[in-house]
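What follows is a set of notes on a single structure, which appears directly below.
Coordinate-derived values only; no laboratory data. Predicted model only: the values in this text are computed from it and were never measured. Cβ: placed from backbone, ideal geometry, glycine included. Neighbour counts: every protein chain shown.
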Amino acid sequence: MADLFQPGATNYSLHALPAALFISALPHWWSIYQVESRRGKKSADSSFQKGWDNTNPRAWVARLNAQAASGKQLTPLEGAVLRAQSAQQNGFEWFGAWGLAILAGNVAKLPAHELNSLTLAYLALRVIYNYLYVTTSSRGGSFIRTAVFQGTVIIMVRLFWKSGQALK
């Protein structure tokens with residue numbers, strides 16, 4: 001079997017679609033774990049004492065957001081949970097564009113090794129982005145997260161551009 005990143009490789013790029021969904025959902029699952037592990041416990045994270053409201057999770061997140069918007073100082077963990085929810089949302093918002101870029105590359109019959117390389121780079125950057133989104137609470141650090149995000153956009157634009165060039 002040829003190396004994934006060498007000419008003649010097997011094309012695994014479509015496998016990146018469920019992988020991207022999985023990576024997008026990871027911060028959400030982390031959030032639920034953090035909240036549920038503190039259910040019923042006295043702690044500084046008072047928002048977590050009743051646990052995760054799985055009957056209306058968006059309202060639960062909205063209430064935590066409202067506390068932050070009203071000027072309440074959130075604990076570091078409450079802030080991380082909100083950022084994790086935002087990371088999840090960002091992943092799902094961009095999933096469509098990523099899916100179209102992968103499909104465009106396959107329709108244009110771009111070389112499999114190139115699709116594999118770009119796919120792996122995209123997925124790796126999404127993992128790094130999620131980590132930075134959840135753990136970064138400083139303005140300066142947020143620019144690093146933004147740069148990583150722009151890397152994913154550049155990969156998508158490159159796929160669309162190369163696909164367009166191949167289909168001329």
On each of the three principal axes of the Cα atoms of the range 25-104, give max minus min coordinate, whole Å, ordered largest first. 52, 26, 22
How many Lys pairs in the chain lie less than 20 angstrom apart by Cα atoms, where the lysines are 8 or more positions apart or on different chains? 6
Cβ crowding within 10 Å averaged over residues, with 15-28, 110-123 ranked highest first: 110-123, 15-28
Please report, in cubic angstrom per residue, the volume enclosed by the convex hull of the alpha-carbon atoms of the chain. 131
Ranked by Cβ crowding within 10 angstrom, fewest neighbours first, how are ARG126, ARG145, ARG58 ordered? ARG58, ARG145, ARG126
Under a GNM of the chain (C-alpha, springs under 10 Å), which listed residue has the highest mean-square fluctuation: GLY141, GLY99, GLY79? GLY141
Principal axis box of the range 107-155, alpha-carbon based, largest edge first, Å: 43, 15, 13
